[in-house]
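Here the structure comes first, spelled out in structure tokens, and everything after it is commentary.
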Amino acid sequence: MAVAAKRVAQRRQARIASELRTDQPRYLLALKVRGCATAAQDEAEFVRRLRREGLIVRPRFADGRTDVITGFSVAERPEAGERPIWYGGGQLGRDLALPRLRDGWPDTPSGASEAAAEWNAAKRGRRVVAPGRETAEPDPELWDR
């Protein structure tokens, strides 16, 4: 009986380990996105922080619009020759869906247009439109040194 129980425990541990390996990249990506969202004071800063973290960001626009963003996808920067693996904010966690994130930020017309400009720059791979307070923080590599 003890041998059978041991085998069941080993199979269970193997299954848990395999699931952790497959979910690990998404989990780590969610941690980065959540950190950027927590540190940001508005949506535009959130986009800049994602990009500063080295993530690839892709907005989802409302039908026929480029100034109304309804969601986003994010991916780690892939190795040379590989394709990025995209995750929607809601796929990473319920709290990371764009409508939920917006609940914690001020809702102003100027803020919405600044955010749209940052989303468009991120989509086209252009530089940040208007750097904000995230540039005044020390780089994580500086903390490591």
Mean accessible area per residue over the chain (1.4 angstrom probe, all protein chains present, square angstrom) is 69 Å²
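What FRET efficiency comes out for Arg26 versus Arg124 if R0 is 25 angstrom and r is the Cβ-Cβ distance? Round to the nearest 0.05.
0.45
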What percent does the relative contact order of the range 33-116 come to when contacts are Cα pairs within less than 8 Å and at least six residues apart?
-> 28 percent
Assuming R0 = 22 Å, what is the FRET efficiency of Thr66 and Asp95, from their Cβ-Cβ distance, to the nearest 0.05?
-> 0.25
Cα lying deepest toward the dipole's positive end in the range 1-123, options Pro106, Val68, Gln13, charges on Cβ | Gln13
Looking at the range 48-113, which GluC sites (Glu not before Pro) are in a loop (DSSP not H, G, I, E or B) and have at most 13 other Cβ atoms within 10 Å?
-> Glu79, Glu82
Cβ charges +1 (Lys, Arg) and -1 (Asp, Glu), total dipole of the range 7-83, debye = 520 debye
Heavy-atom accessible surface of the range 55-145: percent carbon and sulfur, 1.4 Å | 49 percent
Evaluate the distance, in nm, between pseudo-label points positioned 7 Å from the Cα of Thr38 and of Thr135 along their respective Cα→Cβ axes.
-> 2.6 nm
Rounded to the nearest 20 Debye, what is the dipole magnitude of the chain about its Cα centre when Lys and Arg each give +1 and Asp and Glu each give -1 at the C-beta?
-> 880 debye
Enumerate by residue number the trypsin sites (Lys or Arg not before Pro) in the range 28-94 meeting two conditions: DSSP loop (anything except H, G, I, E, B), and at most 13 other Cβ atoms within 10 Å of the site's Cβ.
-> Arg65
Under 5 Å, built H, 5+ apart or other chain: amide partners of Gly71 = Arg60
Potential extension, Asp107-Gln10 segment - 0.36 nm per residue separation minus Cα distance = 29.7 nm
For the chain, just run the numbers: alpha carbon Rg, then divide by 2.2 N^0.38 Å, N being how many residues it has.
-> 1.31
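The values are calculated or read from the model by the stated rules, or taken from the named source; none is laboratory data. As the structure is a computational prediction, the values presented were derived from the model and not from experiment. Quick reminder, even Gly has a Cβ in these numbers, built from the backbone with ideal geometry, and neighbours come from all protein chains shown. The accessibility values were calculated without ligands, DNA or RNA, using every heavy atom of the protein model including side chains. Shrake-Rupley method; radii C 1.70, N 1.55, O 1.52, S 1.80 Å.
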